[in-house]
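The values are calculated or read from the model by the stated rules, or taken from the named source; none is laboratory data. Fair warning: this is a prediction, and the values are worked out from it, not measured in the lab. A quick note on method: Cβ atoms are made from the backbone with ideal geometry, for glycine too, and the neighbour counts reach across all protein chains shown.
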Amino acid sequence: MAVVAGLATGALTLAGQAVLPTEANRLANSGAIWVSVAFAVGWRAPSDAMAALAGLMALVAALVGYFVTAAIAQAGVSASTVAIWVAVALIGGPVFGIAGRWRATAPGWRAAIAVAALGAVYLSEGLWTLWGIPHMALAGWASVVVGCLITLLLASDRDTRTRACLLLVPLTALGLAGYGAIDLVFRSV
């Protein structure tokens, strides 16, 4: 299931980039959407270790799906793009796979961390887009709204929701730092 979901994610990413207008293109080219796939496959995993592996497998498969589709479409892919997406797969896959499992099974703070982490990745991607890519404001605002909704709606109870909202600010700041690091990679290549 993880591999099929990943392959589809990679192929749909390239397809979305081809059909979405410029101001919405970031919605297809989204690390938040990719880690959501890892979160979803982790949700169904029987253990944290399996969730990490499922998340990793899903995002490695997404890489394969993306690059095979890009080769078929004869779309160019830069070395910096490869580096960024490999890092997303290797780090984000296991982390968000476990987060998905925690949301499904863990009580208390671990469930709140999982919900806030997924909300924060959308929120930070949206804020980074609004600040750094103003012509894609539509995509930025969409990601901000989705991040807030995830945090409010994915929590299973009021305590988890409250904790997730408290965690959203520092995790969003961490996400913004990550996008800053990604920006440095793109500028240096």
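Okay, residues lined up against (1) acidic (Asp, Glu); (2) closer than 10 Å to ILE98 by Cα; (3) crowded, with 22+ Cβ neighbours inside 10 Å; (4) in contact with a helix residue (DSSP H, G or I) (Cβ under 6 Å, 6 or more places away or on another chain):
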residue: ALA38; (1), (2), (3), (4): no, yes, yes, yes
residue: SER47; (1), (2), (3), (4): no, yes, no, no
residue: LEU53; (1), (2), (3), (4): no, yes, no, no
residue: ALA61; (1), (2), (3), (4): no, no, yes, yes
residue: VAL68; (1), (2), (3), (4): no, no, no, no
residue: ALA71; (1), (2), (3), (4): no, no, no, no
residue: VAL86; (1), (2), (3), (4): no, no, no, no
- Query: Which of (1) in contact with a Ser or Thr (Cβ under 9 Å, 6 or more places away or on another chain); (2) modelled with pLDDT under 95; (3) crowded, with 16+ Cβ neighbours inside 10 Å is the odd one out, the single condition VAL121 does not satisfy?
  - Reply: (2)
- How many of the residues in the stretch 149-165 are surrounded by 12 or more Cβ atoms within 10 Å (Cβ to Cβ), assigned to a helix (DSSP H, G or I) and not hydroxyl-bearing (Ser, Thr, Tyr)? 8
- Message: Name the residue that is nearest to CYS165 (Cα to Cα), counting only residues in the stretch 124-139 that are surrounded by fewer than 24 Cβ atoms within 10 Å (Cβ to Cβ) and not hydrophobic (A, V, I, L, M, F, W, C).
- Response: GLY132
